[in-house]
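> Encoded as structure tokens, here's the structure I'll be asking about.
Rule-based calculations on the coordinates, nothing more; no lab input. As the structure is a computational prediction, the values presented were derived from the model and not from experiment. With ideal geometry, Cβ positions are generated from the backbone for all residues, glycine too; neighbour counts draw on all protein chains shown.
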């Protein structure tokens, strides 16, 4: 393994933990929280280091998905402020989809190499990866549906009133 491979692997594993912790603690990856910022930073570092393999492997579909992931991170970050693009639906979809992309990369790369000697998959196009990817897709759909319902519930008038009262009580 080259130094780039080791650095890329180490940096790319970190956002899995930060993303899972953000989902568990906040119900979503929110760039305004510490876990959200760590997720974005490590995800960005992992994605950018993946482009270092262009010199040895050439431009692959992985780099195309890396560009797509960078776009998702940008959209998720840029929608933290503003009135028409307030943190909500777009941000939730963008950052949850970036986590899906991360998990597709992670499971594919892991299953191409393990178990040692007789890996589960021979390459990214191996049909044996289909059930894994379908499971990830099902988890993504359920998770995003839950998150979007939570965003909608937070925008209801009763939730806004409760937040205003809590802020008022806290300020007083």
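> Output the relative contact order of the chain, whole-number percent, from Cα pairs under 8 angstrom with separation of 6+ residues.
Relative contact order comes out at 16 percent.
> Still on this structure, please answer the following. Quick check: pseudo-label points 7 Å beyond the Cα along Cα→Cβ at residue 34 and residue 110, how many nm apart are they?
Spacing of the two 7 Å Cα→Cβ label points: 2.6 nm.
> Helix 34-50 sits at what angle to the longest principal axis of the chain, using alpha carbons and giving 0 to 90 degrees rounded to 10?
30 degrees
> Continuing with the same structure: Based solely on C-alpha atoms, express the radius of gyration and the Dmax of the chain in angstrom.
Looking at the chain, its Cα Rg and Dmax stand at 18.5, 65 Å.
> Where the Cα atoms of the stretch 51-146 are projected onto their three principal axes, how long is each span, largest first, in whole Å?
54, 34, 17
> With the crude spin-label approximation of a point 7 Å out along Cα→Cβ, what separation in nm comes out for residue 57 versus residue 13?
Between residue 57 and residue 13, the label points sit 1.8 nm apart.
> Relative to the compact-globule scaling 2.2 N^0.38 Å, provide the ratio for the alpha-carbon radius of gyration of the stretch 84-139.
Cα-based Rg divided by the globular estimate yields 1.45.
> Right, next: Rank these for me by crowding, 126, 30, going from fewest to most other beta carbons within 10 Å.
Lowest count first: 126, 30.
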